[in-house]
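Only the coordinates and a few stated rules stand behind these numbers; no lab work does. Predicted model only: the values in this text are computed from it and were never measured. Virtual Cβ from ideal backbone geometry, glycine too; neighbours counted across all protein chains shown.
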Amino acid sequence: MSSLTESRTNVRPVRAIKLRPSGRLDAVVAPILTVVVLVSLWQIVSWVSPLREDLFPGPLSVAQKLPQLLADGSLASAVGNSLFRAISGFVIAVVIATPIALLLAHQPLLRKGVGPLVSAMQVLPSIAWVPAAIILFGLSDATIYTVLLLGAIPSIINGLLSGIDMIPSQYKSLSKVLGASKWEHVLHIELPAAMPGYVAGLRQGWAFAWRSLMAAELIAVGGSLALGVGSLLQRGRDLADLSLVMLVILTILLVGVLIELAVFAPIERKLLRDRGMSRTGENNG
Amino acid sequence: MGVLLNEVSLSYPGTGLVIDRLSTEIEDGEFIAVLGASGCGKSSLLNMIAGLLAPTSGWLEVPQDGAAFMFQDANLLPWLTASENVDLALKLAGHPVKERAQRVDELLKLVQLGHASDKKPHELSGGMRQRVALARALAQDRQVLLMDEPFAALDAITRDMLHEQLRALWEQTGKTIIFVTHNVREAIRLSGRILVLSSHPGRILETRRITDDLRNNPAQAAALADELTTILRKEQRKHELTDRISN
C-alpha cells in the first residue's frame with residue numbers, strides 16, 4: 001500500500017460545509033415569493049387579455065376596491081361576524097368532539113359501528129347540509145352553526161382517535177405497572193400522548209369549520225342573519241362585481257391561513273419540539 | 001416475601017407454547033438473573049410476574065402490592081421532564097404532593113442525576129434515560145423490582161457504570177431483583193443466581209449460584225461465562241434447526 005507521504009500528495013482539501021442560516025426564513029420567504037410571482041402573472045394576463053377590465057380584473061383593480069370596502073366598514077364587519085361564528089363554532093365543535101372521540105377510543109364495539117360513519121361524514125362536503133339546515137332552522141344562526149359543526153366535528157374526532165391509536169402500547173404497560181386507574185391513565189398518559197394527533201385534528205377541524213362557514217354564509221343570506229364574509233361573496237355575485245368577488249376570496253384565504261399560522265402552527269411546533277420530535281420538511285433548529 | 005412460580009405455562013394463539021411448566025422460588029432480597037437467547041420467552045415471564053400477562057396454566061405468587069418494572073427502552077414519557085417522570089410514579093402511588101418533591105430529589109440523586117432533573121428525555125443520553133427509569137422504578141417502592149434487559153441498548157462503558165450502581169443499590173435497599181438478560185457476563189456480574197432458559201418453549205435448563213468469590217475471580221468467572229455461552233449457543237442452533245425443518 002502507499003506510504004503516508006505518498007497518500008499526502010493525494011490529499012484533497014475538504015471545506016467545511018456551510019450551514020444554511022435558517023430553514024425557517026426559507027419557509028416564510030418561499031411562499032411569499034410564490035404569491036408575488038402568481039400575482040404578477042395575474043396582472044400581466046389581465047393586461048394582455050382581450051377581456052374588458054370589469055370581466056377580468058387584474059390585482060391592481062381588485063386592490064382599488066379595497067379602500068371603498070374598508071371605508072364603509074362592510075369588510076371589517078363581515079370579517080368580524082364570520083370570525084366570531086368560526087371561533088365560537090370551533091370551540092363548540094371541540095367541546096362536542098373530544099368526549100365522543102375518547103368514548104369511541106375506549107369502546108371498540110361502538111367504534112366499529114360509528115367510526116366508519118364519522119369518516120364518511122368527513123368525506124361529505126358540508127355544503128350538502130345547507131339546504132337541510134335552512135329547511136329546519138330557516139335563515140338563522142342555527143343554520144350556519146349546524147353546517148359548521150357538521151363540518152368540523154368529524155375531523156376533530158378522527159384526529160384525536162388517530163392520536164390515541166398511535167400511542168405506543170408500552171405506555172399502557174407503564175400505566176398498569178404504575179398502578180394507574182382508568183381515569184388516571186386517560187388524564188396523565190393517554191391525553192398528553194395523543195396531543196400531537198389531537199392538535200393536527202384541531203388544525204384540520206379549523207380548516208373544515210372555516211370552509212363550512214363560508215359555504216353556509218354564501219347560501220344562507222338574509223333573514224335575521226348578520227352579514228359574513230361568505231355573504232359578501234354572494235353580494236359580489238349579485239352585483240356582477242368580479243373585483244369584489246376576488247377581493248373577498250383573497251380575504252377568506254388570508255383569514256384562514258393567518259389563524260393557522262398564528263395559532264396552530266406555533267402550538268404544533270412547540271409540542272413537537274418539547275418531545276424532541278420535528279416535523280419532516282421543517283428545520284430542526 | 002419473594003416470588004413463587006409453580007408449573008407456569010404461557011401460550012399465545014398462533015405461536016403456541018412460549019413458556020412450559022416453569023417452577024422456581026425466588027427468595028426475598030435475592031438478585032436473580034434470567035438468562036436466555038432472544039425470543040425465549042424471558043420477557044413474557046417478566047410480564048407475567050408484573051401482572052401484564054396472565055399464565056395459561058399454573059399459578060404464581062407475587063407480593064400483594066405487585067412489582068416495580070423497568071422496561072428495555074426506558075419508556076419515559078417524552079413530554080415530562082426527568083423529575084416529572086419520577087414524580088408521576090409517586091403521584092399514581094398516592095403520595096401527597098408535599099412529600100413528593102423531596103422524594104423525587106432523593107431518587108434522582110440516588111441515580112446520580114440530581115443535575116438533570118429539568119431535562120426532557122430527548123435531552124438525555126441513553127444511559128441517563130435508563131437511570132431516570134431506574135429512579136422511577138424505585139419510586140414505586142415495591143419490594144420486587146423486575147428489569148427487562150434494561151441495559152441492552154447501552155454502550156459498554158455506560159453499562160459497566162450502571163452495573164456498579166445497580167449492585168450498590170441492591171445492597172443498600174435489599175430489594176428482590178429479577179433481571180432478564182441475554183448477556184452472560186452481565187448475569188454473572190450482577191446476580192446471585194442465574195436461571196438459564198431454553199428456547200421455544202422456555203424451560204429452566206440450568207440453575208447456577210454465583211458467589212462473590214466466583215464473581216471476583218476473573219478466571220472462574222470467565223470459565224462460567226464460556227460454559228453458559230456454549231449452552232445458549234446450542235439452544236439457539238437447535239432453535240434455528242427446528243425453524244429450518246419446519247420451513
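Each residue in A:Val29, B:Val144 was given a count of other beta-carbon atoms within 10 angstrom of its own, and listing them fewest first yields A:Val29, B:Val144.
The residue among B:Gln130, B:Leu162, B:Ser83 whose Cα reaches farthest toward the positive pole of the charge dipole of segment B:75-186, with charges on the beta-carbon of Lys, Arg, Asp and Glu, is B:Ser83. Residue by residue, segment A:66-77 carries 3J(HN,Hα) couplings of 4, x, 4, 5, 6, 5, 7, x, 5, 5, 4, 5 Hz when phi is fed to the Karplus relation 6.51 cos²θ - 1.76 cosθ + 1.60 (θ = phi - 60°); x denotes Gly or Pro. In this structure, B:Glu27 and A:Trp183 have a Cβ-Cβ separation that, at R0 = 45 Å, corresponds to a calculated FRET efficiency of about 0.75. This ranking places B:Arg159, A:Arg111, B:Arg233 by how few other beta-carbon atoms lie within 10 Å of each, fewest first, which gives B:Arg233, A:Arg111, B:Arg159. Report the FRET efficiency, 1/(1 + (r/R0)^6), for B:Leu17 and B:Glu171, where r is their Cβ-Cβ distance and R0 is 41 Å, rounded to 0.05. After rounding to 0.05, the efficiency reads 0.60.
Residues whose amide H comes within less than 5 Å of that of B:Gly202, counting only those at least five positions distant or on another chain, are B:Ile19, B:Asp20 (H built at 1.01 Å from N in the peptide plane). Considering the protein assembly as shown at the alpha-carbon level, its Rg and Dmax are found to be 32.4, 100 Å.
For segment B:204-243, what percent of Cα pairs sit more than 16 Å apart? That fraction is 46 percent. The dipole here belongs to segment B:85-159: it is taken about the Cα centre, uses +1 on the Cβ of Lys and Arg and -1 on the Cβ of Asp and Glu, and is about 140 debye.
Counting neighbouring Cβ atoms within 10 Å and putting the fewest first, the residues A:Ser173, A:Ser82 line up as A:Ser173, A:Ser82. Convex hull of alpha carbon positions in segment A:112-209: directionally averaged projected area 7.5 nm². Here the simple spin-label model places points 7 Å from the Cα toward Cβ, and for B:Asn6 and B:His163 these points are separated by 3.7 nm. Listed values for segment A:206-217 are Karplus-derived 3J(HN,Hα) couplings in whole Hz (6.51 cos²θ - 1.76 cosθ + 1.60, θ = phi - 60°), namely 4, 4, 5, 4, 5, 4, 4, 4, 4, 4, 5, 5, and x replaces Gly and Pro. Here the label points at A:Ser40 and A:Gln68, each 7 Å from Cα along the C-beta direction, are separated by 2.9 nm in the simple model. What the Cβ-Cβ distance of B:Asp73 and A:Arg12 gives, at R0 = 51 Å and to the nearest 0.05, is a FRET efficiency of 0.80. When +1 charges are put on Lys and Arg Cβ atoms and -1 charges on Asp and Glu Cβ atoms, the dipole computed for the protein assembly as shown relative to its Cα centre reaches about 880 debye.
Once Rg and the Kirkwood radius are both taken over the C-alpha atoms of chain B, their ratio Rg/Rh works out to 0.98. Computed across segment A:172-218, the Kirkwood radius stands at 12.8 Å (inverse of mean 1/r, all Cα pairs). For chain A, the 222 nm mean residue ellipticity estimated from helices alone, with every DSSP H stretch of n ≥ 4 adding -39500 (n - 2.57) and the total spread over all residues, rounds to -24000 deg cm²/dmol. When chain A is treated as a Gaussian network with alpha carbon springs shorter than 10 Å, the biggest mean-square fluctuation among A:Leu25, A:Leu232, A:Leu110 belongs to A:Leu25. If the chain linking A:Val114 and A:Asp26 were pulled fully straight, counting 0.36 nm for each residue of separation and taking away their Cα-Cα distance, it would gain 27.4 nm. On full extension, the segment bounded by A:Ile267 and A:Leu250 gains 3.6 nm, given 0.36 nm per residue less the C-alpha separation. Evaluate the distance, in nm, between pseudo-label points positioned 7 Å from the Cα of B:Asp118 and of B:Ser38 along their respective Cα→Cβ axes. Modelled inter-label distance: 4.0 nm. For a modelled paramagnetic label at A:Ala132, 7 Å from Cα along Cα-to-Cβ, the residues of segment A:88-118 in reach, with backbone nitrogen under 15 Å, are A:117-118.
Considering only alpha-carbon pairs that sit under 8 angstrom and 6 or more positions apart, the relative contact order computed for chain A is 22 percent.
Report summary: the helix-based calculation at 222 nm, which adds -39500 (n - 2.57) for every DSSP H run with n ≥ 4 and divides by the residues of chain B, gives -13500 deg cm²/dmol. 3J(HN,Hα) couplings calculated from phi for segment B:44-50 with the Karplus curve 6.51 cos²θ - 1.76 cosθ + 1.60 (θ = phi - 60°) are, in sequence order, 4, 4, 5, 4, 5, 5, 6 Hz; Gly and Pro show x.
Proximity of backbone amide H atoms, modeled 1.01 Å from N, is registered between B:Glu7 and B:Leu22, B:Ser23, B:Thr24 at under 5 Å, excluding neighbours fewer than 5 places apart on the same chain.
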